Ligand code: S5P
């Protein structure tokens, strides 16, 4: 028998942050633990993608600075409308990694104005606990461990990173390839049903593997979905694989 894990309902009862509650409520409602990563280059592709994956995801993860034609009104406003229409969160995978003052500037300024639209942001914790104080009104997902070959996120690093994540009220969860304490939500990228690597250092596991071995809460899938010939079909495949893998453990 597998080790028991907390259900999304139990985690929702324990949740304190607006956005940990929100993402768990969406998971329960949609029967989904899938986050689609929209690593595409144009606003049109981003919005088309969001329209296709929207009904079946808990959050859309963006790298907003990849877009070649970003325009606040033409990119963010319709994206926010789709997030409302299909009830998913916007997670900007910015991976902040600087001192508090610089992160504060990066979070709210420049052309992206991340703080005005993102529900969740990723951040490294390399700058120390106080560097996370600037992330008000969003849920921070702390980078605890990375999925790439040769990452410097050793077990000692992860242990210290977890202390920061657990102590900071802005943090709702962590990105990791290892188990983390269950007062934090676990987000796991490096998930693909078809392949084990990408020849650029990425390392993949299956949804089943990451639920069983890491007791993850949310899977993050990029190329497995946005490169698929049939994006809607692939979204459903990952959604069902993720949900079944979770259900098998409760
Ligand atoms: O350790 C990590 C952390 C993240 S957030 N490894 C990752 O791959 N990611 C992100 O997840 C990465 O930046 C990319 O957007 C996504 C994985 O994409 P895929 O195409 O490899 O599934």
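Tabulated results
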item	result
Residues satisfying the stated conditions in the range 169-191, i.e. near the ligand (Cβ under 9 Å from one of its atoms) and either over 16 Å from the mean Cα position of the chain (by Cα) or over 20 Å from residue 126 (Cα atoms) (or both)	190, 191
Residue check, residue 89 crowded, with 17+ Cβ neighbours inside 10 Å, farther than 19 Å from residue 133 by Cβ and out of contact with any strand residue (DSSP E or B) (no Cβ under 6 Å at 6 or more places or on another chain)	no
Count of residues meeting criterion [out of contact with any helix residue (DSSP H, G or I) (no Cβ under 8 Å at 6 or more places or on another chain), within 13 Å of the ligand (Cβ to nearest atom) and under 17 Å from residue 177 (Cα atoms)] in the range 206-239	3
Test: residue in the range 129-145 that is within 20 Å of residue 188 (Cβ to Cβ), touching a residue at least 12 places away in the same chain (Cβ under 8 Å) and more than 17 Å from the chain's Cα centre (by Cα)	no
Criterion violated by residue 140 - all others in (1) under 16 Å from residue 61 (Cβ atoms); (2) part of a loop (DSSP other than H, G, I, E, B) satisfied	(2)
Hey, residue 145 surrounded by fewer than 24 Cβ atoms within 10 Å (Cβ to Cβ) and away from the ligand (no atom under 12 Å from the Cβ) or not	no
Only listed residue being surrounded by fewer than 16 Cβ atoms within 10 Å (Cβ to Cβ), under 20 Å from residue 222 (Cβ atoms) and at pLDDT 95 or above, chosen from 62, 42, 84, 75	42
The lone exception for residue 108 - which of (1) without any contact (Cβ under 8 Å) to a residue 24 or more places away in the chain; (2) under 23 Å from residue 62 (Cα atoms); (3) out of contact with any helix residue (DSSP H, G or I) (no Cβ under 7 Å at 6 or more places or on another chain) it fails	(3)
Exclusive hit being surrounded by fewer than 15 Cβ atoms within 10 Å (Cβ to Cβ) and either within 10 Å of the ligand (Cβ to nearest atom) or not in a helix (DSSP H, G or I) (or both), set 194, 159	194
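Matching residues to (1) over 13 Å from residue 172 (Cβ atoms); (2) out of contact with any helix residue (DSSP H, G or I) (no Cβ under 9 Å at 6 or more places or on another chain); (3) in a helix (DSSP H, G or I):
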{"position": "5", "(1), (2), (3)": "yes, no, no"}
{"position": "11", "(1), (2), (3)": "no, no, yes"}
{"position": "20", "(1), (2), (3)": "no, no, yes"}
{"position": "26", "(1), (2), (3)": "yes, yes, yes"}
{"position": "45", "(1), (2), (3)": "yes, no, yes"}
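The values are calculated or read from the model by the stated rules, or taken from the named source; none is laboratory data. Keep in mind that this is a model prediction, so the values were computed, not measured. Note: ideal-geometry Cβ built from the backbone for every residue, glycine included; neighbour counts use all protein chains shown.
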